[in-house]
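Reviewing the structure listed below.
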Amino acid sequence: MAILAPSLLSADFLRLYEALEIVNKSSVEWLHLDIMDGVFVPNISFGFPVLAAVQKNCQKPMDVHLMIVEPDRYIERFVKHGAFNISVHYEACPHLHRTIQNIHSYGIKAGVAINPHTSVNLLEDIIQDIEVVCLMSVNPGFGGQKFIEHTYSKIDKLKNLIIQKNSKALIEIDGGVDANNIQALVKAGADVLVAGNSIFGQKDIAAAIKHIYQLM
């Protein structure tokens, strides 16, 4: 069964504690945190004050997705704020291997995220060094976008690359994941499903989580 990682970006921030309590009591494995800077993507999400509050109340491993420029400047702070995995964007890291080494130096997992237009073949020289590949299945920056169908083809190509390079990287899908495509994504080979609106956008968050697990 795939790992389910609810994306906090879609939560009601006026009821953040309540949302975290529901997640804590659920069977979900990870909590996904999208960090946006308004530079790499045309949106700003949340920063360290919110992250500190989440860290105090979250009992799930925190999967941090950095949609920011110059991520190396902040790796240590994200580690101190509870990140167990940090994914950086291929497109934002001119010295990607160095960035991955920096993340690993703190004893946590490292991932690489790629935008919908970025070829998985560009990961050939880094795939053995990372634990997660985050395939963006929407254009990064905003929640609630329509799933890009070409993602299925990218999953297949990425699976072949992982096997070819004897990598242990997990395939994470981020964007537009809902009841209409969950089964197809798992069948295609997705290991981690990031779900935002399909969980936190529902009136009954706990029921939404259970429904997704039933579909898996």
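Read-outs: derived from the displayed coordinates by stated rules, not from any lab. Fair warning: this is a prediction, and the values are worked out from it, not measured in the lab. Here the Cβ positions follow ideal geometry from the backbone for every residue, glycine too, while neighbour counts run over all protein chains shown.
Some observations on this one:
- Lys/Arg +1, Asp/Glu -1 at C-beta; the chain dipole; positive extreme among Tyr152, Leu8, Asn115: Leu8
- Among the GluC sites (Glu not before Pro) within the stretch 127-212, those in coil by DSSP and having at most 16 neighbouring Cβ atoms inside 10 Å are Glu149.
- With N the number of residues in the chain, Rg(Cα) / (2.2 N^0.38 Å) evaluates to 0.94.
- Label-to-label distance, Glu18 versus Met216, with points set 7 angstrom from Cα along the beta-carbon direction: 2.6 nm.
- Cβ charges +1 (Lys, Arg) and -1 (Asp, Glu), total dipole of the chain, debye: 300
- Mean Cα-pair separation over length for the stretch 1-113, i.e. relative contact order, pairs under 8 Å, 6 or more apart, %: 22
- Proximal lysines to Lys210, defined as alpha-carbon separation beneath 17 angstrom and excluding residues fewer than eight positions away on the same chain: Lys25, Lys60
- With the highest mean first, a sort of the peptides 99-108, 202-211 on other beta-carbon atoms found within 10 angstrom per residue produces 99-108, 202-211.
- Ile3 long-range amide H proximity, modeled H, under 5 Å: Val192, Leu193
- The stretch 3-215: relative contact order in percent, alpha carbon pairs under 8 Å with at least 6 residues between: 21
- Of all DSSP beta bridges in the chain, antiparallel share, percent nearest 5: 5
- Counting neighbouring beta carbons within 10 Å and listing from fewest to most, the residues Ser27, Ser45 come out as Ser27, Ser45.
- The fewest-to-most ranking of Phe78, Phe48, Phe147 by surrounding Cβ atoms within 10 Å reads Phe48, Phe147, Phe78.
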